[in-house]
1. Can you pull out the residues in the stretch B:86-102 that are hydroxyl-bearing (S, T, Y), within 14 Å of chain A (Cβ to nearest Cβ) and touching a residue at least 60 places away in the same chain (Cβ under 8 Å)?
2. For B:E43, which of the numbered conditions (1) in a strand (DSSP E or B); (2) in contact with a helix residue (DSSP H, G or I) (Cβ under 8 Å, 6 or more places away or on another chain); (3) among the charged types (D, E, K, R) fails to hold?
3. Checking A:L238 against (1) of a type outside the set (G, A, S); (2) without any contact (Cβ under 8 Å) to a residue 24 or more places away in the chain; (3) closer than 16 Å to A:K109 by Cα, which test does it fail?
4. Please find, among B:S92, B:S118, the residue that is touching a Cys at 6+ places or on another chain (Cβ under 9 Å) and hydroxyl-bearing (S, T, Y).
5. Considering each residue of the stretch B:16-29, count those that are under 26 Å from A:D87 (Cα atoms) and more than 11 Å from chain A (Cβ to nearest Cβ), and give that number.
6. Show the residue pairs that are 6+ apart or on different chains and have beta-carbon atoms under 8 Å apart, the first residue being within the stretch B:17-29 and of a type in the set (D, E, K, R), the second being outside any loop (DSSP other than H, G, I, E, B) and at pLDDT 85 or above.
7. When the residues of the stretch B:53-78 are narrowed to those that are surrounded by 18 or more Cβ atoms within 10 Å (Cβ to Cβ) and of a type in the set (G, A, S), which ends up farthest from B:S98 (Cα to Cα)?
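The values are calculated or read from the model by the stated rules, or taken from the named source; none is laboratory data. Note that the structure is a prediction, hence the values are computed from the model and not measured. Positions of Cβ are backbone-derived with ideal geometry, glycine not excepted, and every protein chain shown enters the neighbour counts.
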Protein chains: 2
Amino acid sequence: MHRVKCIVSYDGSNFAGFQIQPTERTVHGELEKALKKIHKGLEVPIAASGRTDAGVHAVGQVIHFDTPLSIEAERWPRAFQGILPSDVNVRSAAYVDSDFHARFGTTKKEYRYRVLASKEADVFRRNYTYHFYHPLDIEAMREAASYVIGTHDFTSFSGSKTVVENKVRTIFEFDVLEAGDEIVFRVVGNGFLYNMVRLLVGALLEVGRNKKVPEAMKDILARKQRGAAGKKAPGHGLYLWEVGYE
Amino acid sequence: MHRVKCIVSYDGSNFAGFQIQPTERTVHGELEKALKKIHKGLEVPIAASGRTDAGVHAVGQVIHFDTPLSIEAERWPRAFQGILPSDVNVRSAAYVDSDFHARFGTTKKEYRYRVLASKEADVFRRNYTYHFYHPLDIEAMREAASYVIGTHDFTSFSGSKTVVENKVRTIFEFDVLEAGDEIVFRVVGNGFLYNMVRLLVGALLEVGRNKKVPEAMKDILARKQRGAAGKKAPGHGLYLWEVGYE
């Protein structure tokens with residue numbers, strides 16, 4: 001058996017998220033369906049770096065699977081392309097050691113969140129950005145983001161479905177970038193709790209609207225209480241951008 | 001009655017085109033449904049600069065309608081926004097003279113056509129660009145485009161549903177632009193026959209692949225024969241960009 005690592009992108013708009021569900025269209029489901037076809041009926045389970053919610057996109061999701069086939073690494077993307085629907089794409093593939101694990105080997109994840117900061121809606125970006133009408137104070141959001149960098153207990157920024165016990169994570173970088181009429185939040189950390197990025201962005205947008213002071217981020221973290229962060233930003237602005245391994 | 005001119009954008013991906021049809025979802029249908037709500041059940045017909053096909057997008061489609069309501073011009077977009085689905089947007093509105101006509105008053109139209117010129121597919125642009133794997137010769141396409149500028153009989157570049165008698169049109173500008181990993185065709189003329197832009201782009205792509213020489217455009221025009229242009233480029237790369245009036 002050979003272990004294959006793939007980098008996968010998907011447009012989350014028409015998916016009920018990543019993780020397989022019996023009746024809904026999911027990225028996981030489409031990938032395993034494609035693998036079953038490539039393997040002429042053999043079930044080939046995949047493991048991914050983590051799940052993403054309905055509407056959430058990926059530029060660099062990572063999966064792995066084990067295969068008895070001996071296909072050249074660079075031919076795997078083409079094998080998938082002929083079978084996968086057009087909203088999922090296997091961007092690259094490589095053979096890896098059998099101790100590589102897409103989920104348990106991660107050391108770093110980068111997420112990005114795109115906000116369309118404009119009075120006017122854009123029909124072409126309605127599924128790819130969160131349209132925010134109100135003016136946003138960039139400098140205040142940058143200050144707020146700076147308080148998140150470092151190692152903290154992120155209980156206050158965890159969604160209700162969080163199951164892990166240990167809620168301590170380290171954020172390496174948290175940038176607030178301006179790109180034309182968009183504001184892009186870029187956050188890199190060693191791991192993220194369920195809904196953590198959307199709760200972080202939601203709180204930063206409150207700061208940007210001057211409904212919270214930047215220092216409020218410190219208080220929210222210190223409270224270690226689910227719900228303390230306020231409202232999460234919607235899923236369709238979020239992208240799993242890159243996953244790093246040892 | 002007051003005549004209102006609106007600039008409308010739409011993402012054509014989930015529409016069976018612009019023109020109203022009894023059972024399909026169309027932009028025209030959505031706009032008239034919204035107007036009926038705004039007018040509390042009164043049917044308010046619209047006229048547009050022209051129709052667009054299934055999958056074709058618009059950044060600057062122009063429509064007009066007559067209304068008994070006295071709403072400030074700048075409030076019309078908001079009135080529509082609350083009712084229209086998120087893939088249609090009324091960008092602006094203005095009161096115009098009763099002799100303005102969205103269809104019959106046009107003097108100029110601009111279309112753009114986006115080609116993703118890349119080996120790798122992009123899930124996020126699958127509905128917004130035509131993904132073209134083969135390398136393209138930009139200079140050859142520019143030369144080919146130059147032969148189209150001017151006044152010609154465009155019978156060879158007319159689709160099978162073309163009903164107008166007079167097939168002479170004037171092309172003012174035809175640019176082949178490079179924008180990152182995209183090639184954008186920008187064509188401005190006094191009017192366009194059914195499928196004309198898609199047939200022009202289709203022929204230019206043949207030139208770009210060196211399957212036709214640039215001068216072939218002259219021969220195709222001279223033949224004045226439907227079908228002479230070859231295959232039309234797919235609808236989802238096409239945008240009605242701007243419509244001009246006297």
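1. Matches in the stretch B:86-102: B:S92 only.
2. Against the list (1) in a strand (DSSP E or B); (2) in contact with a helix residue (DSSP H, G or I) (Cβ under 8 Å, 6 or more places away or on another chain); (3) among the charged types (D, E, K, R), B:E43 comes up short only on (1).
3. So A:L238 meets the others, but not (2).
4. Answer to the check: B:S92.
5. Residues meeting the conditions: 6.
6. Correct list of pairs: B:R25/B:N14.
7. B:G55
Per-residue answers, yes or no, for (1) touching a strand residue (DSSP E or B) at 6+ places or on another chain (Cβ under 6 Å); (2) modelled with pLDDT of 95 or more:
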{"position": "B:M196", "(1), (2)": "no, yes"}
{"position": "B:V201", "(1), (2)": "yes, yes"}
{"position": "B:A216", "(1), (2)": "no, yes"}
{"position": "B:L221", "(1), (2)": "yes, yes"}
{"position": "B:G227", "(1), (2)": "no, no"}
{"position": "B:E242", "(1), (2)": "yes, yes"}
